[in-house]
Amino acid sequence: MRGADAMQESLFTVAKLDDFVPEDHPLRGIRLLVNEALAEMNARFNEIYASSGRDSIAPEKLIRALLLQVFYSIRSERQLCEQLRYNLLFRWFVGLAIDDPVWDHSTFSKNRDRLLEHQVVEGFFAEVLRLADRQGLLSKEHFSVDGTLIQAWASQKDPSYAPPFSPVWDPVLLAAGKAASKI
C-alpha cells in the first residue's frame, strides 16, 4: 500500500539539536575547544560590555557564527543569518535553540568594531592556540596555509584591502602616481 505524502508535525518534541549532529562530526571537537576558549575570555567580555541596559547578542554566539562563516565559505553575514534560520548544525554550533530567533545580519557590523577594538578576535585565537597546544593537538613538524584563501576572505571583508605586490601597493606605481600628480 502506498503511503500518504503528508506531514503532520507533533505539537511537542523531545529531540534536542544535539541529537541531529552525528557523534563523529568534526564540529563536535571544534565546538569543545571553542567553548573552552570562550569561557576563558569571560572576564574580557565583562569588561567591554555594560553591566546594565538591554541585553545584547552574546559575543560568544557571534564569534561561533563567524567561525562557521569561515569554515563553510559563506559569502556574507546575510547568507550566514539565512543559514542560521534553517540549518540545525549551525544552530547547534552557535548555541541557538531550535525556536530561538536569529538576529539581523547588521548585528555583525554593529559588534565588529567593538570586538576588534578590544582585540577579542586576537585574544580568542591566542586562547585556542594555547588550549590546542596544551592538549597536544599541534605539531611543530609542518605547517601550511593557503594564503590565497586568507587574502580572498580579507578582501571580502574590507574593500580597501589590497594584498602586497598588487598594483595598488606596487612601490613603482605609487611613485609614478605621485610624480604624475606633481606635473
Next item on the list: Starting from the Cα gyration tensor of segment 1-118, multiply each eigenvalue by 5, take the square root, and state the resulting semi-axes largest first in whole Å.
Entry: 31, 17, 15
Notebook entry, point to check: Are there chymotrypsin sites (Phe, Trp or Tyr not before Pro) in segment 101-146 that DSSP marks as loop and that have at most 13 other Cβ atoms within 10 Å, and which are they?
Noted result: 143
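Report D for segment 4-61 in µm² per second (integer): Stokes-Einstein, Kirkwood Rh on Cα pairs, 25 °C, 0.890 mPa s.
160
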Next item on the list: In square nanometres and to one decimal, what's the mean projected area of the convex hull around the Cα atoms of segment 70-143?
Entry: 6.7
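Give the residue list of trypsin sites (Lys or Arg not before Pro) in segment 49-145 that are DSSP loop and have at most 14 other beta-carbon atoms within 10 angstrom.
Hits after loop and neighbour filter: 54, 75, 140.
Each value in this text was obtained by applying a stated rule to the coordinates, not by laboratory testing. What you see is a predicted model; the values in this text were computed from it and never measured. All Cβ positions, glycine included, derive from the backbone under ideal geometry; neighbour counts span all protein chains shown.
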